[in-house]
1. Does Gly78 satisfy the condition of being over 17 Å from Ser21 (Cβ atoms) and either open to solvent by 20 Å² or more (accessible area, probe 1.4 Å) or at pLDDT 90 or above (or both)?
2. I'm trying to understand the selection: among the residues of the stretch 145-162, which are closer than 19 Å to Cys82 by Cα and hydroxyl-bearing (Ser, Thr, Tyr)?
3. State yes or no: is Met41 hydrophobic (A, V, I, L, M, F, W, C) and touching a residue at least 24 places away in the same chain (Cβ under 8 Å)?
4. Looking at (1) free of Cβ contacts under 8 Å to residues at least 12 places away in the same chain; (2) in a helix (DSSP H, G or I), which one does Phe75 not meet, given that it meets all the others?
5. For residues in the stretch 1-36 being part of a helix (DSSP H, G or I) and open to solvent by 80 Å² or more (accessible area, probe 1.4 Å), which is nearest to Leu148 (Cα to Cα)?
6. Which helices (runs of 4 or more DSSP H) does the stretch 82-192 wholly contain that include 3 or more residues that are of a type in the set (A, V, I, L, M, F, W, C) and surrounded by 17 or more Cβ atoms within 10 Å (Cβ to Cβ)?
Amino acid sequence: MIAFLAGLAVLVDKPWFWDPSECWVGYPQQPLQTSQYWYYMTELAFYWSLLLRVSFDVKRKDFKEQVIHHIATIFLMGFSYCANYIRVGTLVLLVHDASDYLLESAKMFNYAGWRRVCDSLFFVFTAVFLVTRLVVFPSKVLYTTWYLSMESFQPFFGYYFFNALLLVLQLLHVFWALLILRMVWKFVVQGRVERDERSDEEENHTEEEEEEETCWERRKCAFDSKLPSLTNNCVLNNLTNQRNGAPSRQPKAR
C-alpha cells in the first residue's frame, strides 16, 4: 500500500499519468526528477528482495512464474532506466502496485480467522487485479509502447526488447487471472474462499501437521486411559514378588 500511495504521489501531477502519449514528448532528452529516481530505486530494491527471498519461501504452484516475473521486472526497470523509458516504467510499476497489497491484506485476515473480511478483500482484489492487469495495462501501457512510441522515433533493438518483456508480464497476468477466477468459482460453489490456488504445498504441510497433532493427541489419550491399569499391575507384581521371595531371605536353621 505504501508503494502504491508513493507512486500516486509521484505521478498524480505528471501529464503522462493522465495521457500516456506524453511519455514520448521530448524523448529521449527527458529530465529525470528526484522523486522518479527514488521511486525507481526503491521499487528495484523491493523486486531484488523478492527474487532473493523466493528460494527460501514456501514453494507454490507458480514458483517458476514468480521467478520469471521478478527477473523480467528487474530487467525492465534496469533497461528502462538506461534507455530513459522512465515515464513508461513508472506507469508499469503503479499498475502492478495497485492490487498486490489487497491480496496480502486478505491473507493476513485469513490467518487471523476473520473470514468475512478476508472474502470481502479478496473480491476487491479480484476486481482491481482484472481491471488493472487485463484492461489498463494492455490498453494504456502496451498500446503506448507498441504504437504511440513509433510517432516519436523509429523502432530499434531496445524497442523490441522492452516490448517483449512487457508481453511476458502480460502472459503472466493472464495466467494469474485464471487462477483467481478459479478461486472465485469455488467461492460461488462452496460459499467461501477455501485457500490460495498457488499454495498447494503450504496447505499440505499444514494438513500433515494437523494430522500428526491429532494422532499424537489420540495416542496420549489412549496412554492416559491405560496408565491406571498399568500402574495397578505393576504394584500387584511387586507385591507378589516380595511374597514369593520372603522365605528365601529367611536365615537357615542351624
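1. On the way: over 17 Å from Ser21 (Cβ atoms): yes; either open to solvent by 20 Å² or more (accessible area, probe 1.4 Å) or at pLDDT 90 or above (or both): yes.
In short, yes.
2. Thr145, Ser149, Ser152, Tyr159, Tyr160 - these are the residues of the stretch 145-162 that are closer than 19 Å to Cys82 by Cα and hydroxyl-bearing (Ser, Thr, Tyr).
3. On the way: hydrophobic (A, V, I, L, M, F, W, C): yes; touching a residue at least 24 places away in the same chain (Cβ under 8 Å): no.
So Met41 fails the test.
4. (1)
5. So the first thing to find is which residues in the stretch 1-36 are part of a helix (DSSP H, G or I), and the list is 2-11, 15-18, 20-24, 34-36.
Subset that is open to solvent by 80 Å² or more (accessible area, probe 1.4 Å): 2, 5, 18, 34.
Working: Ile2: 31, Leu5: 27, Trp18: 15, Thr34: 26 Å.
By that ranking, first place goes to Trp18.
6. Numbers: elements: 86-112, 115-131, 143-146, 157-190.
Output list reads 86-112, 115-131, 157-190.
The values are calculated or read from the model by the stated rules, or taken from the named source; none is laboratory data. Since this is a predicted model, take the numbers as computed values, not measurements. Every residue, glycine among them, receives a Cβ derived from its backbone with ideal geometry; neighbour counts consider all protein chains shown. All accessible areas refer to the heavy atoms of the entire protein, side chains included, with ligands and DNA or RNA removed. Shrake-Rupley method; radii C 1.70, N 1.55, O 1.52, S 1.80 Å.
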